[in-house]
Amino acid sequence: MVKLLAKLYGRKEYEVKSHCTVHTPAEVLEYYMMGEEPSMELKPGTFVAPMLAKVVEKYKWPKERIYEYKYDGARYQIHKADNLVMIFNRKGKVVNQQFTDIIEQIRQFPQQKLILDTEIYPINPDGSPAPFKEMGTRIHSKDHNKAMLECPVKLAIFDVLLFEGVSLLGSPLSVRLQHLEKFEDRAIYAKDEDYNSFYSRAIAEGFEGIMVKNLNARYHAGKRSPHWAKHKPPRIDLDVVITGARYGEGKRGHV
């Protein structure tokens, strides 16, 4: 899509990619058709294409880094403009009806203009992480009130893209963390800790692993970046041999 828009309207690909970080390709097309330059001003309601992580070998980890719990939930971008709260899924669709409890929680924040990168994950009655499959109740149920009771969730804020109207997209993570510290619902992270002990603690508390993040990296919207590394090594190493197989059933009958 980026290459097509660039070719049709005589644009550089990097320009189109930049415009697509705060606009959908359809919106970018509308601007180009009108002969206008897409606005790059970041404000609540402007969905930002999320930054994505990679699996990176340990020897490539940045020297200045933090370790962060990896939550087994769903990624959501939360916008706040005064008393209005908008929750976007990772595709940019507003899903407020699924998370009215989280909306009320965000409304209590004293800040008026925010864009937060978050994970919402299911929890057990004791507050520990529940299996991700429980999130299906929240995401797919048409009875949202019932789903809220059957699947309690918790919010983990792990990045701040806009704070009181000031864009932080171009700021290094070290600066964004200063703003993240102002939220009680922030993700658990550590700067000066052995990664093995931090990883073991995450697993012991029911989380699925850790993230390794470059303190000097800015937010790479819409990119899968090595500056965010997943660390989920297997807990048991097995060598296995397939000794049998069978055909599937129903729709998978041909497999």
Inset, instruction - Please report, in cubic angstrom per residue, the volume enclosed by the convex hull of the alpha-carbon atoms of region 190-231. - result: 82
Inset, instruction - Could you give me the percent of Cα pairs per 10 Å distance bin for region 1-111, shortest bin first, beginning at zero and ending with the bin that holds the maximum distance? - result: 12, 31, 29, 24, 5
Inset, instruction - Using every pair of alpha-carbon atoms in region 124-228, split the distances into 10 Å bins beginning at 0 and state the percent of pairs per bin, rounded to integers. - result: 12, 33, 34, 20, 1
Inset, instruction - Identify which of the listed values of percent of Cα pairs over 28 Å apart was calculated from the structure shown: [x] 44; [y] 35; [z] 39. - result: [x]
Legend entry - Glu13 - accessible surface, heavy atoms, 1.4 Å probe, Å² rounded to 10: 80
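Report, in debye and to the nearest 20, how large the dipole of the chain comes out about its Cα centre when Lys and Arg carry +1 and Asp and Glu carry -1 on their Cβ.
Numbers: 39 positive and 33 negative charges, 178 e Å.
For the chain, the charge dipole is close to 860 debye.
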Inset, instruction - Could you tell me what fraction of 2.2 N^0.38 Å the Cα radius of gyration of region 166-251 comes to, as a two-decimal ratio? - result: 1.60
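Is there a pair in Lys3/Lys93; Lys43/Lys191; Lys70/Lys223; Lys80/Lys191; Lys43/Lys230; Lys17/Lys93 whose C-alpha atoms are over 22 Å apart, and which pairs would that be?
Working: Lys3/Lys93 24 Å; Lys43/Lys191 30 Å; Lys70/Lys223 19 Å; Lys80/Lys191 29 Å; Lys43/Lys230 29 Å; Lys17/Lys93 20 Å.
Over 22 Å Cα-Cα: Lys3/Lys93; Lys43/Lys191; Lys80/Lys191; Lys43/Lys230.
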Inset, instruction - Using the charge dipole of the chain (Lys, Arg: +1 at Cβ; Asp, Glu: -1 at Cβ; taken about the Cα centre), state which of Val160, Tyr9, Ala190 has its Cα farthest towards the positive end. - result: Tyr9
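The values are calculated or read from the model by the stated rules, or taken from the named source; none is laboratory data. Since the structure is predicted, the reported quantities are computational estimates derived from the model, not experimental observations. Counting neighbours? That spans all protein chains shown, and the Cβs are built from the backbone with ideal geometry, glycine included. Side chains are part of the model used for accessible areas, which takes the heavy atoms of the whole protein and leaves out ligands, DNA and RNA. Shrake-Rupley method; radii C 1.70, N 1.55, O 1.52, S 1.80 Å.
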